[in-house]
Amino acid sequence: MINKIYLGKQEKLFKRISDESIDVVFADPPFNLNKKYNSYNDNMTQEEYIKWCNKWLKEIVRVVKPTGSIFIHNIPKWAIYHASFLNNLCDFKNWISWKTTSSPPHKTCLFPNHYSILYYAKNKNKQKFYAIRKPHDRCRKCNFLLKDYGGKKHLLNQFGPMIGDVWTDIFRVRHKKKRSKHPCELPVHLIERILLMSTDEGDIILDPFMGTGTTAVASKKLGRKFIGFEKDEKYYDIIIDRLKNIKSNSKIGEYWVSWYLDNIITLREKDWDGISKYYIKPDNPKKIDKEPMVLLDKNLRGQMIF
Ligand SMILES: C[S@@+](CC[C@H](N)C(=O)[O-])C[C@H]1O[C@@H](n2cnc3c(N)ncnc32)[C@H](O)[C@@H]1O
């Protein structure tokens with residue numbers, strides 16, 4: 001079933017996946033917000049929705065390897081139910097808060113400002129995990145570091161900080177030209193970040209709600225394998241079309257990384273020493289606050305892998 005997208009309902013397709021055969025599952029289900037999908041009716045009662053989710057969550061836990069991880073993307077309203085269900089079956093790692101405008105504004109509570117990505121390990125502390133880094137936040141106009149590190153500047157990692165559980169640097173695909181005709185397409189580099197922290201080259205990633213195929217695209221770009229389910233034929237066609245032009249080349253030198261435009265947006269901590277030779281750095285590390293590093297040659301992107 002490897003590197004294939006299956007047109008059909010996850011309820012049936014999960015039965016074809018053996019127990020403990022998948023390294024990572026990423027699931028981005030419909031959020032039950034009455035969104036306009038092509039064929040899916042996104043409008044269950046709360047009780048129906050939770051019951052439906054618990055069924056596929058159980059399947060996800062079944063198919064993940066003992067060394068595997070599970071990531072569930074949803075709005076906090078539903079994530080609290082997913083967490084209380086998963087807490088009995090596997091090991092909670094993080095509630096990743098992805099900062100972006102989520103469900104519509106409410107009149108009776110605060111404006112929802114993040115999506116949650118629940119991160120679970122199938123078995124306690126047996127999952128693959130790699131610490132990851134992102135570039136420093138800088139002012140768009142003057143390029144200075146946004147955070148004041150005072151006299152500790154020279155101690156900073158020159159690429160940027162370790163990534164924690166609040167993600168503010170990845171934005172939804174809004175530009176009409178860049179997105180498909182699907183209401184919920186996720187950014188590829190969001191999934192790439194997740195895969196860099198939880199998988200190795202060749203690992204198998206399953207997404208039971210493929211939508212436009214973002215998980216398959218990210219997996220392929222990073223040299224991982226994928227299996228996808230999608231019930232809607234129109235979206236299935238989008239995925240197949242999208243995958244045609246994707247190459248397994250999200251690298252710099254020998255290292256898998258995640259790119260956004262011409263910049264690396266996520267890399268593994270353990271790879272930084274090797275990757276740092278591709279950057280021109282300020283001659284004095286104390287100048288890091290005003291002098292960003294520059295890639296030696298942007299064309300190095302993906303160039304040296306074959
Ligand atoms: C939130 S979207 C996923 C978007 C995806 N992450 C992307 O970046 O494009 C959820 C998808 O699940 C699909 N879906 C809904 N019920 C399904 C089912 N029972 N089996 C398989 N797919 C289903 C919908 O058609 C929709 O495309």
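The values are calculated or read from the model by the stated rules, or taken from the named source; none is laboratory data. Please read these numbers as outputs of a predicted model, since none were measured by experiment. Note that each Cβ is placed from the backbone with ideal geometry, even for glycine, and that neighbours are counted across all protein chains shown.
When you go through L190, L196 one by one, which is the residue that is modelled with pLDDT of 95 or more and within 12 Å of the ligand (Cβ to nearest atom)?
It is L190.
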Count - residues of region 20-38 that are within 16 Å of F226 (Cα to Cα) and surrounded by fewer than 20 Cβ atoms within 10 Å (Cβ to Cβ): 2
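Yes/no per residue for (1) part of a helix (DSSP H, G or I); (2) surrounded by fewer than 16 Cβ atoms within 10 Å (Cβ to Cβ); (3) of a type outside the set (G, A, S); (4) in contact (Cβ under 8 Å) with a residue 24 or more places away in the chain:
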| site | (1), (2), (3), (4) |
| --- | --- |
| E11 | yes, yes, yes, yes |
| W52 | yes, yes, yes, no |
| W56 | yes, no, yes, yes |
| S69 | no, no, no, yes |
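Inside region 57-75, can you point out the residues that are of a type in the set (S, T, Y) and more than 18 Å from the chain's Cα centre (by Cα)? Break it down stepwise before answering.
Initially, region 57-75 is screened for residues of a type in the set (S, T, Y), giving 67, 69.
Result: T67, single match.
Go through region 13-35 and give me each residue that's assigned to a loop (DSSP other than H, G, I, E, B) and not hydrophobic (A, V, I, L, M, F, W, C). Give the steps one after another, and end with the answer.
From region 13-35, those assigned to a loop (DSSP other than H, G, I, E, B) are 17-21, 28-35; that's our starting set.
Selection gives S18, D19, E20, S21, D28, P29, P30, N32, N34, K35.
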Hey, which of the strands (runs of 3 or more DSSP E) in region 192-306, taking only ones fully inside, have at least 2 residues that are of a type in the set (S, T, Y)? 258-260
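If we keep just the residues of region 25-38 that are out of contact with any strand residue (DSSP E or B) (no Cβ under 7 Å at 6 or more places or on another chain) and closer than 12 Å to P183 by Cα, which is farthest from the ligand (Cβ to nearest atom)?
Within region 25-38, the first condition is being out of contact with any strand residue (DSSP E or B) (no Cβ under 7 Å at 6 or more places or on another chain), and the residues that meet it are 30, 32-38.
Filter once more, keeping what is closer than 12 Å to P183 by Cα: 30, 33-38.
On the way: P30: 5, L33: 10, N34: 13, K35: 8, K36: 11, Y37: 5, N38: 7 Å.
Looking at residues that are out of contact with any strand residue (DSSP E or B) (no Cβ under 7 Å at 6 or more places or on another chain) and closer than 12 Å to P183 by Cα, I get N34.
Could you count how many residues in region 99-147 are part of a loop (DSSP other than H, G, I, E, B), aromatic (F, W, Y) and under 25 Å from L195 (Cα atoms)?
Initial filter on region 99-147 (part of a loop (DSSP other than H, G, I, E, B)): 100-113, 122-131, 134-137, 139-144, 146-147.
Restricting the remaining residues to those that are aromatic (F, W, Y) gives 111, 129-130, 144.
This time we only want the ones that are under 25 Å from L195 (Cα atoms), so: 129-130.
Summing the residues that are part of a loop (DSSP other than H, G, I, E, B), aromatic (F, W, Y) and under 25 Å from L195 (Cα atoms) in region 99-147 gives 2.
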Of all residues in region 86-106 being within 20 Å of D19 (Cβ to Cβ) and either buried (at least 16 other Cβ atoms within 10 Å of the Cβ) or under 19 Å from the mean Cα position of the chain (by Cα) (or both), which is farthest from the ligand (Cβ to nearest atom)? D91
